[in-house]
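Below is one structure; the comments refer to it alone.
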Amino acid sequence: MPGQATAPQHPAAVPGQATAPGYPASAPGLATAPGYVPDQAVPPVPSAAVSQDHPDSGAPYTGWTPTSDAGPSSWDDNRFGFDAPMSRGPRIEPSPPPDRRRVVLGLLVGLLVGLLLFGTGGWFAGRATAPAAAPTPAAPSATPSAEPTLGAYEQSQIAINQPKLSGALAPVAQDWLPHLSGCARSGERNGPNLSRGEKARVRCELDAMTIVFVEFNSAADRDKGQVRALGQNVDARQLAPGVAEATKRATPSGRMNGNYVEYAYKVTEGGGDRVVSGIWWDDAQAPVAAYLLAYWKEGIGEKWEPMRDLWSRYA
């Protein structure tokens, strides 16, 4: 109406138009991303862990987790300076308090994301620093390894000795051939003499021992030689203590099976007596035998083990 004062009209305020003096800080105790500026927009949560080579920190990057929906949570009811109680302008509704359920949900989500990021980063770090797995050993080959090749010396000794130990003596002498030297056969110059009932005799040297191979005229002649060794087996109990009992057994090579006898006897040389120890073995299927001889004291140190060792290798 004319002459009537009119109250000034206040412009309607638009919700959300007010400017916050600063974005509120994150809740206490929550991790803050390196380089985060409060006035900037909320950075997205990283989808994967940052490696230890991250330029901002030596520790894995955990990301930033908001505490709410980023709405105003602590502002006063701002009436834009029109705070008279009689104002008829539209009332500016104060911002609603934050939804505590959403805050708790945000905390749980942030905790879960942090655990996932730390767990993933730890797994990659463990893979990078874990020692290399030991190689699985190869399964042993089912094919037996080939026998070692003989050296030039052994091959030469076989070529020299084989003609003298041929025929019926070949089986009993086979594995000894590479290790024998100075072999002489009966009937040759400087060869050994034959004893009664013998057809052929070959004497060879083997380090500090002597080995003799004999082919008999018959199995009966072979057995007579074995009986003499049995008598000297009894003598060895005093002359060479530790002597084994006579027995029937197969040779280690398996090519022969017959009598095995350890024995000893005395010889007079240079005006004194010396004890000789021996091992006899024969073939029950053929009239052949062999025996290994050594001086009990000077040759094998008054022990049976050296002679038994050679016999177990080559017989």
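The values are calculated or read from the model by the stated rules, or taken from the named source; none is laboratory data. Please read all numbers here as calculations on a predicted model, not as lab measurements. Note: ideal-geometry Cβ built from the backbone for every residue, glycine included; neighbour counts use all protein chains shown. Remember, those area values only see protein heavy atoms, side chains included, never the ligands or the DNA or RNA. Shrake-Rupley method; radii C 1.70, N 1.55, O 1.52, S 1.80 Å.
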inquiry  = Going 7 Å from the Cα of residue 158 along its beta-carbon direction, which residues of the stretch 169-195 have the amide nitrogen within less than 16 Å of the resulting point?
reply    = 170-181
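With the Cα gyration tensor of the stretch 141-253 giving a ≥ b ≥ c as the square roots of its eigenvalues, does the rule (a/c under 1.5 for rounded; else a/b larger than b/c for prolate; else oblate) give rounded, prolate or oblate? Mind showing how you got there, number by number?
Details: a/c = 1.84, a/b = 1.28, b/c = 1.43.
Verdict is oblate for the stretch 141-253.
Report the net charge of residues surrounding residue 252, where surrounding means a beta-carbon distance below 13 angstrom and charges are Lys +1, Arg +1, Asp -1, Glu -1. Walk me through the intermediate numbers first.
On the way: positive: 249, 255, 308, 313; negative: 175, 309.
Counting the neighbours of residue 252, the net charge comes to +2.
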key: Solvent exposure, largest accessible area first (probe 1.4 Å, DNA, RNA and ligands not counted), of 218, 277   = 218, 277
ask   = With every protein chain present, what accessible area does residue 149 have (1.4 Å probe, heavy atoms only), rounded to the nearest 10 Å²?
value = 130
ask   = Lys/Arg Cβ at +1, Asp/Glu Cβ at -1, dipole of the stretch 182-288 taken about the Cα centre: which of 229, 187, 258 is farthest positive-ward?
value = 187
key: Phi to ³J(HN,Hα) by Karplus 6.51 cos²θ - 1.76 cosθ + 1.60 over the stretch 202-215, Hz, x for Gly, Pro   = 10, 10, 9, 9, 9, 6, 8, 10, 10, 10, 10, 10, 10, 10
Approximate spin-label separation residue 285-residue 302, in nm, with each point projected 7 Å along Cα-to-Cβ = 4.2
task = Using only protein heavy atoms and a 1.4 Å probe, report how much of residue 311 is accessible, in Å² to the nearest 10.
result = 10
task = For residue 198, list long-range residues whose amide hydrogen, built 1.01 Å from N in the peptide plane, is under 5 Å from its own amide hydrogen.
result = 217
ask   = What is the set of long-range amide H partners of residue 260 at a cut-off below 5 Å, with H atoms built 1.01 Å from backbone N?
value = 247, 248, 249
Contour excess over end-to-end distance, with Cα ends at residue 273 and residue 208 and 0.36 nm allotted per residue = 21.5 nm
key: residue 296 long-range amide H proximity, modeled H, under 5 Å   = 275, 276, 277
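Suppose accessible area is computed on protein heavy atoms with a 1.4 Å probe; arrange 295, 153 from highest to lowest. Walk me through the numbers on the way to the answer.
Numbers: 295 70, 153 125 Å².
Ranking 295, 153 by accessible area, largest first, yields 153, 295.
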